[in-house]
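Okay, so here's the structure we're looking at.
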Amino acid sequence: MKIKTKLRLGFGFLFVVILFFGGISLYYMNEISIRSKVILKDNYETLNFTSKMRSILDEHPLPLSDQARELFNRQLALEEKNITEAGEGKAVAALKLAYTKLIDPSATPAAIQEAIAKIRWQLKLIDDLNMNAIVRKNDVAQAAIERAAMYVIFAASICFLILFSFIVNFPGFVANPLREFSDAIKEISRKNYKQKLEFKGSDEFSELAASFNVMTAELNKWESSNLAKIQSEKLRIEAIIEQMQDAIIGLNEQQEFLFFNKVAGQLMNLDQQNIIGQNAMELRKKNDLLNRILQETGTDKPIKIYADHKESYFQLERREIMVPNYDDNADNATVQTGKAAGQVYILKNITQFKELDEAKTNFIATVSHELKTPISSIKMSLKLMDDERVGVMNPEQKELVQHIREDCGRLLKITSELLDLAQVETGNLQLNFVKSDPRKIAIYAMDAVRFQAEQKSIELELISKNKLPQINVDIEKTAWVLVNFLSNALRYSAVKSKVIVQVIEKNDTIEFSVRDFGKGIEEQYQKRLFEKYFQVPTDGNNKSGSGLGLAISKDFIEAESGKIWVESAIGEGSKFCFSLPVATNA
């Protein structure tokens, strides 16, 4: 039977029950109404007639007038037509006979009084007959009402039980199959493809269950065919991870170990077979290296670990495991989004590169140190050649000597920068922290480049308050950074322009800035200005340096817990800035 037919039969049955109950109620209500009308129509009218006849006798003197007789005769005639009870006709005949004697002209007063008494007695007799009938008919009507009420209550109870049973059981014809379908679909979502549905009958649910069973069979077949492939892929990936020379650690979203290769086990002295499935947050409490790896937040500094019988260097990389996630959407059927499924930690062994870098740094330091002495000697020799006691040079010779002096100065600056860079890279940077007045540092740096500024007629302007909070810094290194900023500003500034040095207090820091009004720096180069050996392309009018000054400045300022940055726009000049924390009173 189809679901539509079941629904029609169910609601049709409800309609029949309602009609049955309504018919019974109407039948008994009509019977009660009829019995009530009988009481009012018959007996009540008789009592009304007798009451009026008694009133005529009471209100009119004897003998009765013609008007009174006419009224009495009318009421008596009506009563004669409304005889309904046994004995009432005999009483009415006696009443009529007594009335005839009352109105007889030859009747004596005694006869009149006797006639009045008989009339009143017959009226009372008629009233008693009708009152008794009313009581009797009322009892019958009450019995009928009670019987009707009992039948209606009985019918209502039967209808209520039928409707209650219908309400309880009928929705199950639809709800129970839907619930079974819902449970089966939930099992399918849990990849239980062996789920089956069994419905008896030939309705739509049975047809849908058959289609569902076909679908689950196909899904189970697909799962079985792909399980071996997935297992093979898993083993292949595990083999690749195991053979990699880098330490690899994988955690799921519950911070449990997904994979842990041999190299990672050797570095952390952990058994990789027993580690899978354990909680990393619990294990980190017992393993310092694991705790350090999980605490690292994207730093570029290498981690030093004792491995391969020596101090080795590893670069940590942390990556999120993202998997596709399909969510329901009101506008689209499905929307693909990324869902985090854990993290992967990779420790790359960079010991070989670190050793090569240290060798490079040591070589640069050695060469720079060895070059510094002969370059200083050359500068001393050039100074002696300027002395006329040695001999007078012609203009061409003086010009050549001046070029040699400038080149020696540039070489000496480069060697100094290389030595500073070597100190930073080897970690041997020595800082002598003292509390200093930031304004005095700025004046000291400006005095160092004042001669260079005067040669190009460039005005140096200082903007600063007289009293600023002190800063705890290495005066020489901080002044070196300012001198480097000023030298660059003078190099790229036009003749007879201005360079502004500003020292201000800002958010518990002292901010130093050097502003020039040159052509500015393109935005694409600004992010790389503080990289080692990077130089902004020039038009050939300005001699470029080594590309180390700003990189060394960045290292000096960060070593003093400060920040360094640049602000520039084409056609508006450049502003190089750094900030240092205000010294505490402690």
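For region 252-271, what are the residues that are assigned to a helix (DSSP H, G or I) and either farther than 24 Å from Lys310 by Cβ or under 38 Å from the mean Cα position of the chain (by Cα) (or both)?
Ala264
State yes or no: is Ile249 closer than 17 Å to Asn349 by Cβ and either modelled with pLDDT of 80 or more or within 35 Å of the chain's Cα centre (by Cα) (or both)?
Spelling it out, Ile249 is indeed closer than 17 Å to Asn349 by Cβ and either modelled with pLDDT of 80 or more or within 35 Å of the chain's Cα centre (by Cα) (or both).
Residue by residue, here is whether (1) farther than 21 Å from Gly250 by Cα; (2) at pLDDT below 70 holds:
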residue	(1), (2)
Lys286	no, no
Tyr306	yes, no
Glu317	no, no
Asp327	yes, yes
Gln336	yes, yes
Gly342	no, no
Asn362	yes, yes
Ala365	yes, yes
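So in region 148-159, with the set limited to residues that are loosely packed, with under 13 Cβ neighbours inside 10 Å and not small (Gly, Ala, Ser), which one is farthest from Glu45 (Cα to Cα)?
Out of the qualifying residues, it is Phe154.
Could you go through region 214-225 and let me know if any residue there is surrounded by 10 or more Cβ atoms within 10 Å (Cβ to Cβ), out of contact with any Pro (no Cβ under 7 Å at 6 or more places or on another chain), of a type in the set (Ser, Thr, Tyr) and over 30 Å from Phe259 (Cβ atoms).
yes
Does Phe576 meet the test of being out of contact with any Cys (no Cβ under 6 Å at 6 or more places or on another chain), surrounded by 15 or more Cβ atoms within 10 Å (Cβ to Cβ) and not aliphatic (A, V, I, L, M)?
Spelling it out, Phe576 is indeed out of contact with any Cys (no Cβ under 6 Å at 6 or more places or on another chain), surrounded by 15 or more Cβ atoms within 10 Å (Cβ to Cβ) and not aliphatic (A, V, I, L, M).
Taking interchain pairs and intrachain pairs at least six residues apart, which have beta carbon atoms under 9 angstrom, with the first residue in region 300-319 and free of Cβ contacts under 8 Å to residues at least 12 places away in the same chain and part of a strand (DSSP E or B) and the second of a type in the set (Asp, Glu) and exposed (fewer than 14 other Cβ atoms within 10 Å of the Cβ)?
So the pair list comes out as Lys304/Glu311.
Can you confirm whether Asp127 is at pLDDT below 80, assigned by TED's automatic domain parsing to the domain that holds Pro63 and closer than 22 Å to Ser55 by Cα?
So Asp127 does not fit the description; no.
Name every residue in region 461-503 that is within 20 Å of Gln430 (Cβ to Cβ), of a type in the set (Val, Ile, Thr) and not in a strand (DSSP E or B), in order of residue number.
Ile475, Thr478, Val481, Val483
Step by step: first the residues of region 46-65, then only those that are among the charged types (D, E, K, R) and closer than 15 Å to Lys124 by Cα, then the one that is surrounded by the fewest Cβ atoms within 10 Å (Cβ to Cβ). Which residue is that?
Asp58
Can you name the condition, by its number, that Ser381 falls short on among (1) surrounded by 15 or more Cβ atoms within 10 Å (Cβ to Cβ); (2) among the small types (Gly, Ala, Ser); (3) at pLDDT 70 or above?
The one condition Ser381 does not meet is (1).
Does Ile414 fit the bill of being among the β-branched types (Val, Ile, Thr) and either assigned by TED's automatic domain parsing to the domain that holds Ser561 or modelled with pLDDT of 95 or more (or both)?
Against the criterion (among the β-branched types (Val, Ile, Thr) and either assigned by TED's automatic domain parsing to the domain that holds Ser561 or modelled with pLDDT of 95 or more (or both)), Ile414 does not qualify.
I'm checking my understanding of the structure. Among residues of region 438-479 that are among the β-branched types (Val, Ile, Thr) and farther than 18 Å from Leu550 by Cβ, which one is surrounded by the fewest Cβ atoms within 10 Å (Cβ to Cβ)?
Ile463
Does Glu238 qualify as being without any contact (Cβ under 8 Å) to a residue 60 or more places away in the chain, more than 20 Å from Gln343 (Cα to Cα), in contact with a Phe, Trp or Tyr (Cβ under 9 Å, 6 or more places away or on another chain) and outside any loop (DSSP other than H, G, I, E, B)?
Against the criterion (without any contact (Cβ under 8 Å) to a residue 60 or more places away in the chain, more than 20 Å from Gln343 (Cα to Cα), in contact with a Phe, Trp or Tyr (Cβ under 9 Å, 6 or more places away or on another chain) and outside any loop (DSSP other than H, G, I, E, B)), Glu238 does not qualify.
Name the one entry in Ala184, Ala117 that is closer than 30 Å to Ala210 by Cβ and either of a type outside the set (S, T, N, Q) or in contact with a Leu (Cβ under 7 Å, 6 or more places away or on another chain) (or both).
Ala184 is the lone residue from the list that is closer than 30 Å to Ala210 by Cβ and either of a type outside the set (S, T, N, Q) or in contact with a Leu (Cβ under 7 Å, 6 or more places away or on another chain) (or both).
Do we find a residue being basic (Lys, Arg), within 21 Å of Ala551 (Cα to Cα), modelled with pLDDT under 95 and surrounded by fewer than 18 Cβ atoms within 10 Å (Cβ to Cβ) anywhere in region 480-498?
yes
Within region 504-532, can you find the residues that are assigned to a loop (DSSP other than H, G, I, E, B) and basic (Lys, Arg)?
Lys519, Lys527, Arg528, Lys532
Looking at Val168, Val135, Val140, Val152, which one is β-branched (Val, Ile, Thr), within 30 Å of Ile24 (Cα to Cα) and modelled with pLDDT of 80 or more?
Val135
Which ones in region 30-84 are in a helix (DSSP H, G or I), modelled with pLDDT under 75 and among the acidic types (Asp, Glu)?
Across region 30-84, the qualifying residue is only Glu31.
The values are calculated or read from the model by the stated rules, or taken from the named source; none is laboratory data. Quick caveat: nothing in here was measured; it's all calculated off a predicted structure. Methodologically, a virtual Cβ is constructed for each residue, glycine included, from the backbone with ideal geometry; neighbour enumeration extends over all protein chains shown.
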